[in-house]
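Okay, so here's the structure we're looking at.
The values are calculated or read from the model by the stated rules, or taken from the named source; none is laboratory data. Bear in mind that the values here come from a model prediction, so they are computed numbers and not experimental data. Counting neighbours? That spans all protein chains shown, and the Cβs are built from the backbone with ideal geometry, glycine included.
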C-alpha cells in the first residue's frame with residue numbers, strides 16, 4: 001500500500017458476511033437502534049452511560065454526521081440480517097493515533113447466542129487489516145463479560161492485559177481485559 005493510499009484508506013462498505021450486512025446507518029434505522037441502545041440488559045456491561053430521549057437523538061444524529069467525515073477515523077456500523085434486512089445491532093472500528101483500531105459491538109438481546117457477534121467480529125478484523133493502515137486490532141471488555149471474551153478469542157484476538165480501574169462510568173470504576181491481534185500474527189486468508 002502506498003503512503004498516499006495508507007493516509008486515505010477507509011473501510012469498503014458494506015461488509016458482507018454469510019448472514020450479515022455491516023453498513024453505515026441511515027435515518028430509518030433510528031427506531032430499531034433506539035430500542036437496542038436503551039435495553040438495560042444489552043448495556044449492562046458496556047462502558048458508557050445509557051442514553052434516552054433527546055440525548056439518544058443527539059447521539060444518533062452525531063453518528064450520521066460522522067459518516068460524512070473525511071478523512072474518516074471511525075466507523076459505527078449498522079448490523080443488519082441479510083435475510084429480512086432487520087437491524088439487530090451496532091458495531092464499530094475506531095482508529096487511534098498509534099496505528100491501532102479499536103473494535104466494539106452490541107447486539108439486540110434476542111439475537112444473542114446465535115454466533116452473530118463472532119461473525120461480525122471476524123469480519124471487522126479482516127476488514128481492518130485489509131482496508132486500514134493499522135498494525136493492531138484491539139478490544140477492551142469488562143472483566144465480567146465472559147461471552148464477549150469468548151467472541152474476541154473466536155475472532156482471533158488474544159488476551160494481553162488486565163486494565164485495573166480502566167474507566168469510570170455509571171458511578172463506578174471498571175476493570176477490563178485488553179484483547180488484541182497484530183497484523184503479523186494474523187493467519188493468511190485462503191481464497
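Mind listing whichever residues of the stretch 7-33 are at pLDDT below 80 and surrounded by 14 or more Cβ atoms within 10 Å (Cβ to Cβ)?
Going residue by residue through the stretch 7-33, those that are at pLDDT below 80 are 7-9.
If the condition is that a residue be at pLDDT below 80 and surrounded by 14 or more Cβ atoms within 10 Å (Cβ to Cβ), then 9 is the only one that fits.
Can you tell me which residues in the stretch 93-104 are out of contact with any helix residue (DSSP H, G or I) (no Cβ under 6 Å at 6 or more places or on another chain) and surrounded by 17 or more Cβ atoms within 10 Å (Cβ to Cβ)? Can you show your working first?
So the first thing to find is which residues in the stretch 93-104 are out of contact with any helix residue (DSSP H, G or I) (no Cβ under 6 Å at 6 or more places or on another chain), and the list is 94-100, 102, 104.
Passing the criteria: 95, 100, 102, 104.
Rundown of residues vs (1) in contact with a strand residue (DSSP E or B) (Cβ under 8 Å, 6 or more places away or on another chain); (2) at pLDDT 95 or above, yes/no style:
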position: 66; (1), (2): yes, no
position: 75; (1), (2): yes, yes
position: 86; (1), (2): yes, yes
position: 91; (1), (2): yes, yes
position: 120; (1), (2): yes, yes
position: 126; (1), (2): no, yes
position: 144; (1), (2): no, no
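Can you pull out the residues in the stretch 168-185 that are surrounded by 15 or more Cβ atoms within 10 Å (Cβ to Cβ) and more than 18 Å from the chain's Cα centre (by Cα)?
174
Among the numbered criteria (1) at pLDDT 95 or above; (2) within 18 Å of residue 125 (Cα to Cα), which one does residue 188 miss?
Every condition holds for residue 188 apart from (1).
Being at pLDDT below 90 and under 24 Å from residue 95 (Cβ atoms) is the filter here; which residues of the stretch 52-61 pass it?
58, 59
Of everything in the stretch 34-51, what is touching a helix residue (DSSP H, G or I) at 6+ places or on another chain (Cβ under 9 Å), surrounded by 12 or more Cβ atoms within 10 Å (Cβ to Cβ) and at pLDDT below 85? Give them in sequence order. Before the answer, list the steps.
First, the residues of the stretch 34-51 that are touching a helix residue (DSSP H, G or I) at 6+ places or on another chain (Cβ under 9 Å): 34, 36-39, 41-43, 45, 49-51.
Remaining after also requiring surrounded by 12 or more Cβ atoms within 10 Å (Cβ to Cβ): 34, 36-39, 42-43, 45, 50-51.
Within the stretch 34-51, 43, 45, 50, 51 meet the criteria.
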